[in-house]
1. Examine the stretch 60-71 for a residue that is buried (at least 17 other Cβ atoms within 10 Å of the Cβ) and over 20 Å from the mean Cα position of the chain (by Cα), and state whether such a residue exists.
2. For the list (1) at pLDDT below 90; (2) assigned to a helix (DSSP H, G or I), I need the number of the one condition that Leu159 fails.
3. Considering each of Ala138, Ala180 in turn, give the residue that is in contact with a helix residue (DSSP H, G or I) (Cβ under 9 Å, 6 or more places away or on another chain) and modelled with pLDDT of 85 or more.
4. For the stretch 66-81, give me each residue that is at pLDDT below 90 and in contact with a helix residue (DSSP H, G or I) (Cβ under 7 Å, 6 or more places away or on another chain).
5. Which residue, of Val157, Val174, Val170, is crowded, with 20+ Cβ neighbours inside 10 Å, free of Cβ contacts under 8 Å to residues at least 40 places away in the same chain and out of contact with any His (no Cβ under 9 Å at 6 or more places or on another chain)?
Amino acid sequence: MPTSDEDLLVAAVRGDRSALTALLERYSPAVRQKLAGAIPAQWQSVLSLDDVMQEAYIDAILDIRQLKADNGEAFLAWLTTLANRTLLDTLRMLGAEKRGGDRRRIHPSTGGDSTTTLYQSLVEASSTASRGAARKEALEALEQALGQLPEIYRQVVRLYDLEGLTAKEVGELVERSPGAVFMLRARAHRRLREILGSGSRYF
């Protein structure tokens, strides 16, 4: 296996998982140092830097083929961006949960209403303008989008958003901390928005 940053990057972008692992091991300490102290005290009991880095590694695996970098400094900047984006998304979601409490939760209900609510929250669509056929297409689009997510993302969305379990309950089922559950949910929602795009064609 190549050992220079440049050669490892070329191999990693081509799909060599061992090369990417070597780069992650090489540059993770620097990313951790950059993010030291970034988690506010109020969230340190539910969210750790280990959580952030674990999910940043998953992002790196998913996105490495799109990376445009030819040196270690560029890779470090990219990995730091992934980790920081993940952290900020999670902090926003935690803040929203604290402000809204149960009012913001999508509770399980009959007739697919929880799925509709999730779709609308992702695409910021208006339910007042919806039609039955369009609603059905939207829900089918959401199911297809969920199918494109990594399994752990899909599990968290279904358990938390659609079935109404708490973060603690979801964490016990997927073997993650409650903080990591919010992080996975934030990242899953971001990817669902990217896949779904505008909801205007449905609502």
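1. Scanning the stretch 60-71, I find at least one residue that is buried (at least 17 other Cβ atoms within 10 Å of the Cβ) and over 20 Å from the mean Cα position of the chain (by Cα), so the answer is yes.
2. For Leu159, the failing item is (1).
3. Numbers: Ala138 fails: modelled with pLDDT of 85 or more.
Result: Ala180 is the single residue among Ala138, Ala180 that is in contact with a helix residue (DSSP H, G or I) (Cβ under 9 Å, 6 or more places away or on another chain) and modelled with pLDDT of 85 or more.
4. So in the stretch 66-81, the residues at pLDDT below 90 come out as 66, 68-70.
Once the filter is applied, which keeps residues that are at pLDDT below 90 and in contact with a helix residue (DSSP H, G or I) (Cβ under 7 Å, 6 or more places away or on another chain), the stretch 66-81 yields Ala69, Asp70.
5. Working: Val157 fails: out of contact with any His (no Cβ under 9 Å at 6 or more places or on another chain); Val174 fails: crowded, with 20+ Cβ neighbours inside 10 Å.
One residue alone meets the criteria, Val170.
The values are calculated or read from the model by the stated rules, or taken from the named source; none is laboratory data. The shown structure was predicted, so the numbers you read here are calculated from the model rather than taken from an experiment. So basically every Cβ, Gly included, is an ideal-geometry build from the backbone, and we count neighbours across all protein chains shown.
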